[in-house]
Amino acid sequence: MSGIKRKLLSGNEAVALSAADCGVRMGVGYPGTPSTEILEEFSKLGGRAQWSPNEKVALEVGVGAAFAGARTMVTMKHVGLNVAADPLFTAAYTGVDGALVIIVADDPGMASSQNEQDSRRYAVAAGVPMLEPADSQEAYDFFQLAVQLSEQFGTAVLFRITTRICHSKTIFTTGERVAPADAKKFVRDVQKRVMIPAYARMAHHKLRARLAEIEAWGEAADCNQIFHSTDKGQTLLGIIASGISAVHAREAASQADILKLGMTYPLPIEKIKKFAKNYDRVLVIEEGDPYLADAIQAAGVEVEGKPEMYRFGELNVTRVQKILAGDVGEEPAPPRGKPPQLCVGCPHRKVFETLRDLECIVSGDIGCYTLGVLPPFSAMDTCVCMGASIGVGLGLRHTLAEEDARRVVSVIGDSTFMHSGITGLVEMVYNRPATGHVVLILDNGTTAMTGLQEHPGTGRKLDYSPAHQICVEDLVKSLGIDDVHVIDVVKDTEGFQELLKKCLANDEPSVIIARRPCILALKKQKALQQGKEACQ
Amino acid sequence: MKNGITNVIVAGLGGQGVLKCSDILSAAIFHAGWNIKKAEVHGMSQRGGSVACDIRFSKDAEVLSPMVPAGQADYLLVLSEDQIDNNLHHLRKDGLLLKPDRIDADKLENARCLNVALLGVLSKEFEIGDKIWHDAIRSQLPENLHDVNIAAFEYGRKN
């Protein structure tokens with residue numbers, strides 16, 4: 001019905017379209033910049049897309065769907081893969097029956113993340129092949145290649161994209177659309193899917209044999225492609241690169257031949273060796289860790305990596321030119337722009353003013369409210385990862401001197417609480433600090449920072465259809481926490497201050513739910529009610 | 001212009017419509033049948049902080065990197081007066097800076113259309129017809145905002 005069309009879309013939109021076009025039965029994930037729009041777009045295209053409470057659950061749902069023989073995609077940002085690492089490593093052993101494509105969006109330069117970890121390491125560590133597209137055309141094409149690889153070899157496939165793939169719009173053409181296949185009959189296979197040690201030992205051998213087959217496939221695969229120099233005369237420089245780095249390199253070095261790796265694990269080492277032999281100098285251009293350079297050098301191929309200073313931040317054409325020139329001079333710091341800040345009218349503002357005024361030690365978490373660290377609030381002392389506010393706060397409570405321990409407050413948003421805050425509360429009642437503790441759940445009824453996504457506490461699904469709404473206070477009370485309060489801090493700032501003081505003074509584990517909707521979410525909901533697309 | 005590629009940077013503050021303005025520009029270039037790439041950053045930066053968007057295009061040359069190389073912007077469109085200083089380094093020597101003071105905000109039916117009005121000023125630099133621009137505006141905005149934005153665009157284009 002759709003036919004072949006020329007489009008200008010972001011990498012995220014291209015992935016969603018590719019998934020819809022190749023009959024993906026299910027898309028699961030947890031929102032995280034820069035990956036979020038994939039499932040939203042997939043849903044708009046009529047695909048079955050759903051947000052899970054966190055990436056671990058999302059991947060488990062994906063593994064189950066793929067065990068059932070369905071084409072499945074799971075989406076997350078790079079740090080989400082840490083959360084999903086447990087199922088990833090063993091799903092690598094079990095393999096899958098349908099297709100399982102795990103999309104992981106890295107954020108070199110940390111436009112909106114707490115670290116710039118390099119997910120390519122996960123492919124090696126887990127033993128799962130990895131594809132890396134360089135633009136929207138490849139995001140579209142490689143996604144379907146990932147589905148094909150997954151089905152052909154019975155393996156999960158990691159699909160690594162980065163900020164500049166996710167959020168750059170480039171022109172591409174689509175293929176025809178095929179409908180999802182019908183559900184398959186379940187066939188029991190315990191040796192394959194039940195990882196008790198006896199079966200897992202066999203599965204590990206199978207995994208290594210499978211990777212060897214995939215490596216051989218990669219040696220001849222079109223996705224590992226050579227772009228020849230456009231300059232006249234003999235080419236003395238060879239470049240090995242992948243993803244967006246390969247695109248920068250093509251622009252920065254027309255004098256070079258470029259081996260662009262579409263599959264970065266397993267590496268086509270023979271192809272790389274053959275390529276490297278042709279040049280006086282072979283340089284590896286890559287963002288983040290020297291993953292390719294290390295692996296290629298370890299295989300005995302003489303290549304040059306980038307200087308250490310280019311491990312930090314994103315690459316661009318200018319930086320690639322500097323790497324080529326061996327320039328390790330200090331880079332001029334770009335002028336500082338205006339830092340982001342909590343919106344005018346954001347309900348978090350009054351909370352952080354109070355925490356500041358009461359001189360609390362604030363164990364923070366991931367979300368808009370992390371901006372509470374900046375002036376004029378300057379009211380956050382730690383922020384590590386999703387859900388860490390509670391565990392870190394408890395650690396501080398256990399070991400600080402009493403006077404300081406009594407000032408510790410854990411601050412966590414509603415979506416982050418659903419993601420990984422619940423087990424923190426279990427810890428709080430199980431290993432209760434002598435001074436008690438105060439957990440402040442900032443419930444603005446949305447996943448605000450990533451662009452207002454729904455979650456199990458909002459009462460709506462990804463496509464805004466109604467869902468069971470988990471009541472935070474009931475959940476908290478069910479754990480045996482008696483001191484539970486719900487308050488609108490904007491309406492009753494003084495009351496909140498008094499309540500917080502009282503909770504800090506007693507020795508109880510206390511939970512205060514500061515509930516007031518995000519002002520941006522209210523606007524969006526109003527627009528949705530009017531049946532219009534929210535205009536951003 | 002280097003290698004036949006035009007580099008544009010649209011900058012401003014989160015909420016001003018930097019992304020929307022660059023989406024309309026991109027749509028127009030795309031519909032004109034030219035090669036184009038556009039890069040933007042989401043998330044943290046959108047909370048009222050500085051936002052910038054790169055658009056690179058050419059009638060016939062292949063556009064490779066989606067990001068404008070350092071100091072190579074041919075056009076810098078800035079939506080907020082206080083965002084000029086921190087973005088000026090993007091502009092190449094002899095590049096064109098379009099500032100908010102090019103538009104008399106009182107002449108706009110809705111001050112929030114400054115982004116589209118400034119795009120109207122920029123539009124004069126490129127050989128793209130009115131219809132393509134208007135269609136691009138319509139393709140990127142909900143229907144109730146079409147007329148007010150096309151009016152703002154035309155005000156800028158005739159400015």
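The values are calculated or read from the model by the stated rules, or taken from the named source; none is laboratory data. If you're wondering where the values come from, they're calculated on a predicted model, not measured in any experiment. Ideal geometry is used to build each Cβ from the backbone, glycine not excepted, and the neighbour counts take in all protein chains shown.
Give me the pairs: first residue in region A:404-431 and within 16 Å of A:Asp507 (Cα to Cα), second residue buried (at least 24 other Cβ atoms within 10 Å of the Cβ) and among the basic types (Lys, Arg), beta-carbon distance under 6 Å, and six or more apart or on different chains, which are they?
Pairs found: A:Ala405/A:Arg397; A:Val408/A:Arg397.
Output the number of the condition that B:Lys59 fails; it satisfies all remaining conditions of (1) farther than 24 Å from A:Gly109 by Cβ; (2) facing chain A (nearest Cβ under 9 Å).
(2)
Can you find, within region A:69-111, the residue that is farthest from the chain's Cα centre (by Cα) among those that are within 14 Å of chain B (Cβ to nearest Cβ) and charged (D, E, K, R)?
A:Asp107
If the Cβ limit is 6 Å and pairs must be 6+ apart or interchain, which residue in region A:96-111 that is on the phi > 0 side of the Ramachandran plot pairs with which residue that is assigned to a loop (DSSP other than H, G, I, E, B)?
Hits for this filter: A:Gly109/A:Gly313; A:Gly109/A:Glu314; A:Met110/A:Glu116.
Go through A:Ser119, A:Ser136, A:Ser112 for me and flag whichever is in contact with a His (Cβ under 6 Å, 6 or more places away or on another chain) and either hydroxyl-bearing (Ser, Thr, Tyr) or modelled with pLDDT of 95 or more (or both). Full working, then the answer.
Numbers: A:Ser136 fails: in contact with a His (Cβ under 6 Å, 6 or more places away or on another chain); A:Ser112 fails: in contact with a His (Cβ under 6 Å, 6 or more places away or on another chain).
Result of the check over A:Ser119, A:Ser136, A:Ser112: A:Ser119.
For region A:354-369, enumerate the residues that are surrounded by fewer than 18 Cβ atoms within 10 Å (Cβ to Cβ), touching a residue at least 60 places away in the same chain (Cβ under 8 Å) and in a loop (DSSP other than H, G, I, E, B).
Taking region A:354-369 and keeping what is surrounded by fewer than 18 Cβ atoms within 10 Å (Cβ to Cβ), we get A:356-359.
Pick out the ones that are also touching a residue at least 60 places away in the same chain (Cβ under 8 Å) and you get A:357-358.
Hit for region A:354-369 is A:Leu358, nothing else.
It is to be established whether one or more residues within region B:32-48 are surrounded by fewer than 17 Cβ atoms within 10 Å (Cβ to Cβ), within 11 Å of chain A (Cβ to nearest Cβ), within 22 Å of B:Lys131 (Cα to Cα) and at pLDDT 95 or above. Break it down into steps so the answer makes sense when it comes.
At the first step, the residues of region B:32-48 found to be surrounded by fewer than 17 Cβ atoms within 10 Å (Cβ to Cβ) are B:33.
If we keep only those that are within 11 Å of chain A (Cβ to nearest Cβ) as well, we get B:33.
If we keep only those that are within 22 Å of B:Lys131 (Cα to Cα) too, we end up with B:33.
The next check asks that each one be at pLDDT 95 or above; those that pass are B:33.
Yes, that holds for at least one residue.
Just one of (1) in contact with a Leu (Cβ under 7 Å, 6 or more places away or on another chain); (2) in a loop (DSSP other than H, G, I, E, B); (3) within 9 Å of another protein chain (Cβ to nearest Cβ) trips up A:Pro335, so point out which.
(1)
Applying the selection to region A:46-68, what residues are in contact with an Asp or Glu (Cβ under 9 Å, 6 or more places away or on another chain) and aliphatic (A, V, I, L, M)?
A:Ala49, A:Leu59, A:Ala66, A:Ala68
Within 14 Å of another protein chain (Cβ to nearest Cβ), buried (at least 18 other Cβ atoms within 10 Å of the Cβ), within 17 Å of B:Val18 (Cβ to Cβ) and of a type outside the set (Ser, Thr, Tyr): which single residue out of B:Leu98, B:Leu122, B:Leu91, B:Leu77 fits that description? Step through it out loud before you land on a result.
Numbers: B:Leu98 fails: within 14 Å of another protein chain (Cβ to nearest Cβ); B:Leu122 fails: within 14 Å of another protein chain (Cβ to nearest Cβ); B:Leu77 fails: within 14 Å of another protein chain (Cβ to nearest Cβ).
Testing whether each residue is within 14 Å of another protein chain (Cβ to nearest Cβ), buried (at least 18 other Cβ atoms within 10 Å of the Cβ), within 17 Å of B:Val18 (Cβ to Cβ) and of a type outside the set (Ser, Thr, Tyr) leaves just B:Leu91.
Cβ contacts < 9 Å: first residue without any contact (Cβ under 8 Å) to a residue 60 or more places away in the chain and within 14 Å of chain A (Cβ to nearest Cβ), restricted to region B:130-159; second residue of a type in the set (Gly, Ala, Ser) and assigned to a helix (DSSP H, G or I), any location; separation 6+ or different chain. Result?
B:Pro142/A:Ala527; B:Asn149/B:Ala117
Given (1) in contact with a Lys or Arg (Cβ under 8 Å, 6 or more places away or on another chain); (2) not acidic (Asp, Glu); (3) not in a helix (DSSP H, G or I), where does A:Phe159 come up short, assuming only one miss?
(1)
Within the set of pairs 6 or more residues apart or between chains, which connect a residue that is part of a loop (DSSP other than H, G, I, E, B) and surrounded by fewer than 19 Cβ atoms within 10 Å (Cβ to Cβ) inside region A:285-299 to a residue that is modelled with pLDDT of 95 or more and β-branched (Val, Ile, Thr) with Cβ atoms less than 6 Å apart?
Pairs that qualify, where the first residue is part of a loop (DSSP other than H, G, I, E, B) and surrounded by fewer than 19 Cβ atoms within 10 Å (Cβ to Cβ) and the partner is modelled with pLDDT of 95 or more and β-branched (Val, Ile, Thr), are A:Ala299/A:Ile269.
If only one of A:Gly238, A:Gly233, A:Gly154 is more than 14 Å from chain B (Cβ to nearest Cβ), more than 28 Å from the chain's Cα centre (by Cα) and on the phi > 0 side of the Ramachandran plot, which one is it?
Details: A:Gly238 fails: on the phi > 0 side of the Ramachandran plot; A:Gly154 fails: more than 28 Å from the chain's Cα centre (by Cα).
Of A:Gly238, A:Gly233, A:Gly154, the one residue that is more than 14 Å from chain B (Cβ to nearest Cβ), more than 28 Å from the chain's Cα centre (by Cα) and on the phi > 0 side of the Ramachandran plot is A:Gly233.
Would you check which residues across region A:300-318 are buried (at least 18 other Cβ atoms within 10 Å of the Cβ), free of Cβ contacts under 8 Å to residues at least 24 places away in the same chain and of a type in the set (A, V, I, L, M) and list them?
Listed by number, the list is empty, since nothing qualifies.
Just to check your reading of the model, which residue among A:Leu267, A:Leu259, A:Leu207 is in a loop (DSSP other than H, G, I, E, B) and touching a residue at least 12 places away in the same chain (Cβ under 8 Å)? Walk me through how you get there before you give the answer.
Numbers: A:Leu259 fails: in a loop (DSSP other than H, G, I, E, B); A:Leu207 fails: in a loop (DSSP other than H, G, I, E, B).
When all the criteria are applied, what remains is A:Leu267.
What residue, of A:Leu452, A:Leu504, A:Leu440, A:Leu499, is surrounded by 16 or more Cβ atoms within 10 Å (Cβ to Cβ), over 18 Å from A:Val409 (Cβ atoms) and out of contact with any Gly (no Cβ under 8 Å at 6 or more places or on another chain)? Let's see the steps before the verdict.
Details: A:Leu504 fails: over 18 Å from A:Val409 (Cβ atoms); A:Leu440 fails: over 18 Å from A:Val409 (Cβ atoms); A:Leu499 fails: over 18 Å from A:Val409 (Cβ atoms).
Of A:Leu452, A:Leu504, A:Leu440, A:Leu499, the one residue that is surrounded by 16 or more Cβ atoms within 10 Å (Cβ to Cβ), over 18 Å from A:Val409 (Cβ atoms) and out of contact with any Gly (no Cβ under 8 Å at 6 or more places or on another chain) is A:Leu452.
Among the residues of region A:85-101, count how many are acidic (Asp, Glu) and either in contact with a Gly (Cβ under 6 Å, 6 or more places away or on another chain) or part of a loop (DSSP other than H, G, I, E, B) (or both).
Total meeting the criteria: 1.
In a helix (DSSP H, G or I) and either away from chain B (no Cβ under 14 Å) or crowded, with 21+ Cβ neighbours inside 10 Å (or both): which single residue out of A:Val328, A:Val351 fits that description?
A:Val351
Just checking, which of B:Ala28, B:Ala11 is buried (at least 21 other Cβ atoms within 10 Å of the Cβ), more than 8 Å from chain A (Cβ to nearest Cβ) and under 24 Å from A:Thr162 (Cα atoms)? Show your work before the answer.
Working: B:Ala28 fails: under 24 Å from A:Thr162 (Cα atoms).
Every option except B:Ala11 fails the conditions.
Taking region B:22-48, which residues are more than 26 Å from A:Gln137 (Cα to Cα) and touching a strand residue (DSSP E or B) at 6+ places or on another chain (Cβ under 7 Å)?
Kept after step one, since they are more than 26 Å from A:Gln137 (Cα to Cα), are these residues of region B:22-48: B:44-48.
Matches in region B:22-48: B:Ser45, B:Gly48.
Residues that are farther than 24 Å from A:Met110 by Cα: list the helices (runs of 4 or more DSSP H) wholly contained in region A:22-84 that include at least 3 such residues.
A:37-44, A:55-67
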